Each structure stands twice: as structure tokens, then as C-alpha cells.
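A quick write-up on the structure given underneath.
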Amino acid sequence: MMSRARPLLLACLILPLAGCGSLMTTKCAKPADYASVVDNPPLKLPEGQDGPDTRRALAIPALNEPEAPRAGEDPCLDTPPAFTPAPPKPTAPKPPAN
């Protein structure tokens, strides 16, 4: 009985991890959900109430140019690029001392 239980237990532990690889390879060729948001009007407060301090609020500029086309295999813009350090620059040989 133990000989059948061990492979079954191993399969039950490994199979859920096998699906995680597909989560890391998402493609983002469609516009993001936040691309179609609209700006809400400011809060309407009752008489005698102070509103929030909006002097340092984040101002989102208007988009005056169309979105750059993206290929279907391009990664999402919110996915960080892979980190690979740049190769060291070759140094010039030092001239011989006189």
C-alpha cells in the first residue's frame, strides 16, 4: 500500500506547481483595464465641511498621441525587464613605464 501512496503523494505535490509556469508568460497585446478610465468630478461636501487638501494631488496629463503598437508576443508594460548585468568594458592596456 505504501508503494502506491508515495507516487500519488508526489504527484499531488508537484502537479499544482506545474501550472505556475503559465502564470509567468502572460502576453499583453490588449489595452489594459485602466486605459479607459474617466476622471471623476470633485467631491461635493455638505455646507460647513472642509474638503481634503488637493494642492499636492497627482495631476495626470492628457494623452495627445496614440498608443504605440505592440506585437502579440510583447510582455506587459508592468512586467519588469529581465535583469542581466552589462559585460565589463575592456580596459586599454597601460603603456610601459620609462
For ALA82 paired with ARG6, estimate the spin-label separation in nm (one decimal), with each label point 7 Å from Cα along the Cα-to-Cβ line. 3.7 nm
What whole-number volume per residue, in cubic angstrom, does the convex hull of the C-alpha atoms of region 35-83 give? 165 Å³
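Only the coordinates and a few stated rules stand behind these numbers; no lab work does. Being a predicted model, the structure only gives us computed values, none of them experimental. In this analysis, Cβ positions are derived from the backbone assuming ideal geometry, glycine residues included, and neighbour counts consider all displayed protein chains.
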